[in-house]
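The values are calculated or read from the model by the stated rules, or taken from the named source; none is laboratory data. Here the structure is a predicted model, which is why all the values come from computation and not from measurement. Reconstructed Cβ throughout: ideal geometry from the backbone, glycine too, with neighbour counts over all protein chains shown. For accessibility, only protein heavy atoms count, side chains too; no ligands or nucleic acids. Shrake-Rupley method; radii C 1.70, N 1.55, O 1.52, S 1.80 Å.
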Amino acid sequence: MPYRYLVRSVGGLIQQAAVCYVQRGYCFYVIGSIPKGKNYRSIDRKILSQYQIDLSKFQRYRLKKKGLANVQYLRYRNTFVLLATQGEHRFFAEEQNALRDVRESPMRLFGYTITYKNGRVLVGLDEETCRNLKAAFLQLALRRTHKALEWKLKTLPFEPYRPVYRQVLSICKTVNRKRKTAGLPLLPYSAIRRKRRSYRPFDGE
């Protein structure tokens, strides 16, 4: 089977990067973008070849046993992510200026942050996204019915990973405090989606 890297959705990208790669030790990363007008597929092939990414599970296992690093590649539209495990690899020398460690520097992608702490991957909303979301809800807190606000909560375009859920719950509580002061009906916390959608990242949604 050919190496699969072209992700069809933001949700699929976050799931694949966090759950399938970072959780399995791919803690070093580089985020980049391909300029518009460039041949995306040509650049994909160059990166795959440059870092010998198109390998079988058996080949990756052999590299790991030798103390060498493995590298994975993901792309959604013109945004790409390279992720690597601990070990020796030309990737670290050639990407040293852009290289980050998810355990020290959160991976920021499409409004999300991915971090790795105490053996666990944590996916939340980045500060700017959370701040803007809170401001938007507070602006509408007294201008919309609780049904309209409830619908906005239910249809937020972010998957409810545990940190995301806590952040949205905090926003909801802040909105309710404002509505309570005004004597308006409160938003039910049940309006916040709790079940995360499972994606097939390379086959569309």
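With a Förster radius of 41 Å applied to the beta-carbon distance between Ile31 and Lys152, the computed FRET efficiency rounds to 0.90. Within the range 47-118, the GluC sites (Glu not before Pro) that combine a DSSP coil assignment with at most 12 other C-beta atoms in a 10 angstrom radius are Glu104. Full extension of the segment from Ser105 to Arg200, taken as 0.36 nm per residue of separation minus the current Cα-Cα distance, would add 31.5 nm. Using equal-weight Cα scatterers in the Debye expression, the normalised intensity of the range 7-78 in log10 at q = 0.18 Å⁻¹ is -0.82.
Farthest toward the positive end of the dipole of the chain, out of Phe80, Leu169, Asn70, is the Cα of Leu169, where the dipole comes from beta carbon charges about the Cα centre.
So for the chain, Kirkwood radius off the Cα pairs, Stokes-Einstein at 37 °C and 0.692 mPa s: how many µm² s⁻¹? The calculation lands on 174 µm²/s.
Only protein atoms count toward the accessible area here, which uses a 1.4 Å probe; on the range 53-205, the carbon and sulfur part of that area reaches 48 percent.
The packing ranking, built from the mean of other Cβ atoms within 10 Å per residue, places the peptides 185-192, 35-42, 121-128, 61-68 in the order 121-128, 185-192, 61-68, 35-42, highest first.
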